[in-house]
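The values are calculated or read from the model by the stated rules, or taken from the named source; none is laboratory data. Nothing here was measured: the structure is a model prediction, and the numbers come from that model. Quick reminder, even Gly has a Cβ in these numbers, built from the backbone with ideal geometry, and neighbours come from all protein chains shown. These area figures cover heavy atoms from the full protein model, side chains too; ligands, DNA and RNA do not enter into them. Shrake-Rupley method; radii C 1.70, N 1.55, O 1.52, S 1.80 Å.
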Protein chains: 4
Amino acid sequence: MSKNRLEAFSDGVLAIIITIMVLELDVPEEPTLAALAPLIPVFLSYVLSFIFLGIYWNNHHHLLQAADSVDGRVLWANLHLLFWLSLVPFTTTWMGQNNFAALPVALYGVDLLLAAVAYFILVRALLSLHGQNSTLAQALDRDIKGKISLCIYVAAIPLAFLSPLLAGMLYVLVAVIWLVPDRRIENRLRR
Amino acid sequence: MSKNRLEAFSDGVLAIIITIMVLELDVPEEPTLAALAPLIPVFLSYVLSFIFLGIYWNNHHHLLQAADSVDGRVLWANLHLLFWLSLVPFTTTWMGQNNFAALPVALYGVDLLLAAVAYFILVRALLSLHGQNSTLAQALDRDIKGKISLCIYVAAIPLAFLSPLLAGMLYVLVAVIWLVPDRRIENRLRR
Amino acid sequence: MSKNRLEAFSDGVLAIIITIMVLELDVPEEPTLAALAPLIPVFLSYVLSFIFLGIYWNNHHHLLQAADSVDGRVLWANLHLLFWLSLVPFTTTWMGQNNFAALPVALYGVDLLLAAVAYFILVRALLSLHGQNSTLAQALDRDIKGKISLCIYVAAIPLAFLSPLLAGMLYVLVAVIWLVPDRRIENRLRR
Amino acid sequence: MSKNRLEAFSDGVLAIIITIMVLELDVPEEPTLAALAPLIPVFLSYVLSFIFLGIYWNNHHHLLQAADSVDGRVLWANLHLLFWLSLVPFTTTWMGQNNFAALPVALYGVDLLLAAVAYFILVRALLSLHGQNSTLAQALDRDIKGKISLCIYVAAIPLAFLSPLLAGMLYVLVAVIWLVPDRRIENRLRR
């Protein structure tokens, strides 16, 4: 089964998710700096989510590039990932509009955690289709970044109730870890 | 006539439909669990519709994969299907915001029924273009799932006025029936 | 210059335009038929616009299928067409929410007229690029439907101030004329 | 690494940005010309932003057409560009709804300036990947339009606080400069 439409559909959904978040930036009525000020936390959470969705798009791009084909299981694993990502605009806005209060910050982390788990499942589905000796398997052999991210999310979610700021900084840390695209697959493909 | 743009356009419309539903999840003002609670029925109906649209995307993917070409009739049959699917965000939100009241649950079923009929018409249009001896015709020879789905919808719609819960469970049953992608076409293509 | 991205971008914009119109169908608060009733004119105008956008997508598909390449002039002629089509959700909702009052019906026609003129300009830009002896030129030699549509719009717009119903029926007439896709190009390509 | 998905994703995001701006044109309640009048500044700012986004799409199209491949740095430079463009609907609406007041006009220019800088960075990232002797490098050798645009933005932003009208006219001037697509790349590819 061809992977082209899976890529096209995922690109479409990710492009929409990343763009509609900006609709949540309510345009203020007054043309003053004071009217813009309350938007700052929403804007900051928008920037963070934009980066996370960019990371997912980048990694998805690399992952599918290394894949030869997809099957029904992969299609559903991919839709499962898109489902959790589709909730990012909601959790982002809730977090921003409540000025990074504890519960919204925790829920933001839960959504990121579930998306990370879904990405992990998608990788497994692709590996089980391609076999242990495929280019894909060799390129992905140890998914260190993925495992570290899961650990950080699991730590950050309860931490949000003690210090939302620290939890938020852990989310930023995950983003920084991933900002460099997955060179492993790029290197493997080059050989 | 090439099927590429029909696939691309359908992917675009389905990606938008599946994603804009999340805009209907009104972000609550308070950062509390109590403020999230009223969103639960809207969220559940969002999950159900996400799965239905995922099923349509999957089946559409498989169907067009088996098709060689399209004509004007297929283009319009496809737009007709997209029309009914484009109403899913409306019926989903109405059902969720009214906590699965009778009329919205029935209307949700009517929309699913009309989408199923439109899919059936699209399959006929493709079959009439490809002929009875095509790969497509062999792959689709008995559309049992499609026929069962139509029967369940026809039963569920009036049932919604007696028990919206039972009707809702029938919709879930249809989703479960379809969650496994159509192996027939995959198998046929593999031979 | 390759026509692929022009097709992909146009598909994206048309898919979004056709889908966001449904966001204008305000979900009623009550789960009753009485609450749905006021939506009927908005729904009817949505159906009409869905068909018009489907016609544009179909014709655009056929037109670009017959084209070999595009240049900067074609890109801008295409963006010009997309601009007028992007206003369709606005004019559709204004017409529907005001129950087909004179001015909104006239403005709806003005937007359709300007889109039709933009399509005409796009065809000219493609013809001037491909030359008088191209497949495209042969396929399009007399654009009777296009000319009739322009005449009907020019008649319908002032008529809207006398009888919005008659003007609306003229718009429906244009849709009916175009509902059959442009066989000329299909036939020409088949030879 | 293939450039196809980068093009597809960028097309998706640009198509959505260009289209959702029209959602900010609030549909007036009354079917009268008087009710349309307050929308004129929002409409004018929509037209200007539509043209700017069309210019970016055109130039992006030309730029990627001349590129052979992309790497991780290019992907992020591209996402950075899309980030600033994604804020255009916000700045456009704020500027239009406040009837071209000083601060919104300045912020609109800041967003355009940052998008122009991001485009410049994207060009550098592509050049560093393709080398100084590539078709791309030859096609882009002196980016005069880009440099003039940056200068005009830098002048227009403070000017907005003295005369928003003059600043707005400078933005229009940038649009006029770019409206002709970049013939250099077209010419280079033709040879």
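Can you work out which of the residues in the range B:1-13 that are assigned to a helix (DSSP H, G or I) and within 7 Å of another protein chain (Cβ to nearest Cβ) is farthest from B:Tyr56 (Cα to Cα)? Applying the filter and picking the extreme gives B:Arg5. Residues in the range A:88-119 that are of a type in the set (S, T, N, Q) and either more than 15 Å from A:Asp26 (Cβ to Cβ) or open to solvent by less than 10 Å² (accessible area, probe 1.4 Å) (or both): A:Thr91, A:Thr92, A:Thr93. When you scan the range B:11-19, do you find a residue that is open to solvent by less than 40 Å² (accessible area, probe 1.4 Å), within 24 Å of C:Ala175 (Cα to Cα) and of a type in the set (Val, Ile, Thr), even just one? Yes, the range B:11-19 contains at least one residue that is open to solvent by less than 40 Å² (accessible area, probe 1.4 Å), within 24 Å of C:Ala175 (Cα to Cα) and of a type in the set (Val, Ile, Thr).
Has the range B:61-81 got any residue that is more than 13 Å from chain A (Cβ to nearest Cβ), part of a helix (DSSP H, G or I) and aromatic (Phe, Trp, Tyr)? For the range B:61-81, residues more than 13 Å from chain A (Cβ to nearest Cβ), part of a helix (DSSP H, G or I) and aromatic (Phe, Trp, Tyr): present.
When each of C:Tyr56, C:Tyr46 is tested for being in contact (Cβ under 8 Å) with a residue 40 or more places away in the chain, open to solvent by 20 Å² or more (accessible area, probe 1.4 Å) and more than 9 Å from chain D (Cβ to nearest Cβ), the lone residue that passes is C:Tyr56. Among the residues making up the range C:14-43, those that are at the interface with another protein chain (Cβ under 8 Å from one of its Cβ atoms) and not aliphatic (A, V, I, L, M) are C:Thr19, C:Glu24, C:Pro28, C:Glu29, C:Glu30, C:Pro31, C:Thr32. Just one of the listed residues (B:Gly146, B:Gly131) is farther than 24 Å from B:Leu82 by Cβ and open to solvent by less than 70 Å² (accessible area, probe 1.4 Å), and it is B:Gly131. Go through the residues of the range C:120-128 one by one and say whether even a single one is open to solvent by less than 10 Å² (accessible area, probe 1.4 Å), without any contact (Cβ under 8 Å) to a residue 60 or more places away in the chain and touching a Leu at 6+ places or on another chain (Cβ under 8 Å). Yes, the conditions are met somewhere in the range C:120-128. Within the range B:166-187, being modelled with pLDDT of 95 or more and open to solvent by 80 Å² or more (accessible area, probe 1.4 Å) holds for B:Leu166, B:Met169.
If I filter the range D:16-57 down to residues being part of a helix (DSSP H, G or I) and in contact with an Asp or Glu (Cβ under 8 Å, 6 or more places away or on another chain), which single residue comes out as nearest to D:Leu85 (Cα to Cα)?
Among residues in the range D:16-57 that are part of a helix (DSSP H, G or I) and in contact with an Asp or Glu (Cβ under 8 Å, 6 or more places away or on another chain), the one nearest to D:Leu85 (Cα to Cα) is D:Trp57.
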